[in-house]
Structure formats: C-alpha cells, structure tokens
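Read the figures in this text as sums done on the coordinates, not as results from a lab. The structure displayed is predicted, hence computed values, not measured ones. Glycine also receives a Cβ, built like all others from the backbone with ideal geometry; neighbour counts cover every protein chain displayed.
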Amino acid sequence: MPEGSVFRRTFLWVSAVAGGGLLVSFMGPAKMRGSIHGVAAAARPDAEDHMVRAHQPGEGVFRSVLAEEIDWKPFPAFPPSVRLASVVGEPSEPAPYLIRVKVPSGVKLMPHRHPEDRIYTVISGVFYIGLGDQFDGDKLKAYPPGTVIVLPGNTSHFHWAKSGEYVAQVTAIGPLGIEYVNPGDDPRELGRSSR
C-alpha cells in the first residue's frame with residue numbers, strides 16, 4: 001500500500017513491516033494514515049522511538065573469543081578425557097549459553113538426554129550422533145564441520161568420536177542438564193562408587 005493512501009471505511013489491516021514485525025490494526029481512515037507513518041518510522045534504524053532489550057549475561061559488551069583463548073576443562077558428567085569450555089554465558093544459570101565440547105578419538109558418550117533444547121554446530125572433525133535409549137553404532141549419523149543440528153530437549157541420544165577427535169558447539173538456554181539413560185554409564189556415578 002503506497003504511503004498516504006487511505007481506504008474509505010473501517011477495516012482490519014494486517015501487514016508485515018520491515019524488520020520482521022507484524023502490524024494488526026482495526027481502525028478508520030484518519031487513524032490509518034498516522035499508523036502507516038508510525039510503522040514506517042518504527043521500522044527505520046534511525047527512528048527516534050525504538051525498543052531496547054536487556055542484554056543477556058555475558059553479552060552486554062562487544063568482545064570476541066579466539067580459538068586459542070578457549071579454556072578447556074574436564075566436566076564431571078563426561079568421560080575423563082572429554083573437555084568442555086564455556087564460551088558465552090553460564091550454563092548453570094537459566095539464561096542463554098554457548099559451550100564447546102571436545103571429544104578425543106574413540107570416546108563414546110553413552111545414551112543420555114538434556115532437558116533443554118539444543119543447537120549443535122560442528123566446528124571440527126566428524127560429529128557422530130545417534131538417537132535412542134541404547135547405544136547402537138548402526139544408528140549413528142556422521143555430520144561434517146559446519147553442520148547445524150537441532151536436538152529437542154529430553155531426546156535420548158549418544159555420541160562416538162568414531163573417526164577422530166571432534167569439537168561441537170552447543171547453544172541453548174540453561175541451566176544445562178544431563179541425565180544418562182542407564183545411571184551406571186554416568187561418570188559422576190562411577191566416581192562416587194570408586195571412593
């Protein structure tokens with residue numbers, strides 16, 4: 001609809017606006033003219049009135065994290081040789097987080113699930129993942145670097161660094177949780193039983 005055009009009766013107007021917004025209005029011609037101009041102004045980056053969102057933890061200032069700055073640490077819920085790095089946010093908090101997981105060649109992560117929805121991005125190596133409550137090498141699918149995988153929360157799955165070390169990046173909203181299908185596969189339980 002060209003700017004300034006007016007319909008002569010009251011109507012319901014639904015339109016997509018720049019920036020992904022949606023305007024739904026029930027109004028007459030006089031109000032319509034003002035709404036069109038207001039929407040156009042709100043869609044412009046230089047508009048005087050704009051919404052400012054609160055920053056997420058760890059996202060309030062510009063920064064970068066270089067690969068060599070990543071601080072890899074053991075994670076009690078993973079086998080001892082697996083490393084985890086918190087890159088952005090705090091996985092134990094109810095907020096967005098981004099972590100990386102480095103799994104050495106040959107290591108298996110037995111069937112487990114996470115309560116949170118997760119988005120995996122394969123950074124390096126080949127990421128093998130299978131779905132189900134039992135580890136089954138025939139169910140593994142291989143994903144090369146650059147692949148993005150969406151894993152809904154509470155989906156039982158397993159991993160194997162079958163062809164070498166891999167690094168996967170995980171984006172989710174915490175707190176991070178992990179529950180092994182078979183509690184005997186949980187490294188935290190294995191550590192308790194050896195004390």
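Can you compute the charge dipole magnitude of segment 107-176 about its Cα centre, using +1 on each Lys and Arg Cβ and -1 on each Asp and Glu Cβ, nothing else charged? Give it in debye, rounded to the nearest 20. All intermediate terms of the calculation are to be shown ahead of the outcome.
Values: 6 positive and 6 negative charges, 17 e Å.
In total the dipole reaches around 80 debye.
Just to verify a number: FRET efficiency for LYS139 and ARG53, C-beta to C-beta distance, R0 = 35 Å, to 0.05? Walk me through the intermediate numbers first.
On the way: r = 41 Å, r/R0 = 1.16.
It comes out at approximately 0.30.
Work through the residues other than THR155 whose Cβ is under 12 Å from its Cβ and net out their charges, Lys, Arg +1 and Asp, Glu -1.
Values: positive: ARG113, ARG118; negative: GLU116, ASP117, ASP133, GLU179.
That sum, taken over residues with Cβ under 12 Å, equals -2.
So, with +1 on the Cβ of K and R and -1 on the Cβ of D and E, and no other charges, what is the size of the charge dipole of segment 67-193 about its Cα centre, to the nearest 20 debye?
Numbers: 12 positive and 15 negative charges, 56 e Å.
Charge dipole of segment 67-193: 260 debye, to the nearest 20.
Among 144-157, 100-113, 55-68, 123-136, how do they line up from the highest to the lowest mean number of other beta-carbon atoms within 10 Å? Write out the running numbers ahead of the final one.
Numbers: 144-157: 13.3, 100-113: 18.4, 55-68: 9.6, 123-136: 16.7.
Highest mean packing first, the order is 100-113, 123-136, 144-157, 55-68.
Per 5 Å bin from zero, what fraction in whole % of the C-alpha pairs of segment 67-193 is there, up to the bin with the longest pair?
Going out from 0 Å in 5 Å bins, segment 67-193 shows 2, 11, 20, 27, 25, 12, 3, 0 percent.
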